[in-house]
Amino acid sequence: MSLPEVTERLSHGSPTWFVRDKTTFATIWEDGHHQNQFPHLWCAAPPGVQGELVEAEPDRFFKPPYVGGRGWLGVRLDVPIDWDEMTLILEDAYRVVAPKKLIAELDARSG
């Protein structure tokens, strides 16, 4: 919620984060979803990241249904979580969908 113009609301029954209240960049499935019956997160990811992370750490990352074909990343939440890494993953997800103006605002904050 600290990212520029992010809102949260339920979508398909799960907490979901949006840029400017319209473009999704992350969803948490607390009780699992379809064949993935474990807590997890789906989020947008830069090109190639999904494949790299799933190959390197399949016990932590996976290709989610529906959005996985667009490069989104599934992140298991039932294994130890590196919160610094999670922060970077979610910031990258935001950058994938946010307009350039908001990315510039984020960069200025980090500056």
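Can we say residue 28 is closer than 23 Å to residue 99 by Cα, surrounded by fewer than 19 Cβ atoms within 10 Å (Cβ to Cβ), among the hydrophobic types (A, V, I, L, M, F, W, C) and out of contact with any Lys or Arg (no Cβ under 6 Å at 6 or more places or on another chain)? So residue 28 fits the description; yes. Which residues, counting only those in segment 55-103, are assigned to a helix (DSSP H, G or I) and open to solvent by less than 60 Å² (accessible area, probe 1.4 Å)? Passing the criteria: 68, 85, 86, 89, 90, 91, 93, 94, 97, 102, 103.
Taken over segment 1-19, residues that are part of a strand (DSSP E or B) and open to solvent by 90 Å² or more (accessible area, probe 1.4 Å) amount to 3.
Every residue, every condition in (1) without any contact (Cβ under 8 Å) to a residue 12 or more places away in the chain; (2) within 20 Å of residue 2 (Cβ to Cβ), yes or no:
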{"position": "55", "(1), (2)": "yes, no"}
{"position": "61", "(1), (2)": "no, no"}
{"position": "67", "(1), (2)": "no, no"}
{"position": "82", "(1), (2)": "yes, yes"}
{"position": "89", "(1), (2)": "no, yes"}
{"position": "94", "(1), (2)": "no, yes"}
{"position": "98", "(1), (2)": "no, yes"}
{"position": "110", "(1), (2)": "yes, yes"}
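Restricting attention to segment 49-61, the residues that are touching a Lys or Arg at 6+ places or on another chain (Cβ under 9 Å) and either of a type outside the set (A, V, I, L, M, F, W, C) or modelled with pLDDT under 95 (or both) total 4.
The values are calculated or read from the model by the stated rules, or taken from the named source; none is laboratory data. Given the structure is predicted, the values throughout are model-derived calculations rather than measurements. Heads up, the Cβs are rebuilt from the backbone with ideal geometry, glycines too, and the neighbour counts pull from every protein chain shown. Just the protein is used for accessible areas: all its heavy atoms, side chains included, with ligands, DNA and RNA removed. Shrake-Rupley method; radii C 1.70, N 1.55, O 1.52, S 1.80 Å.
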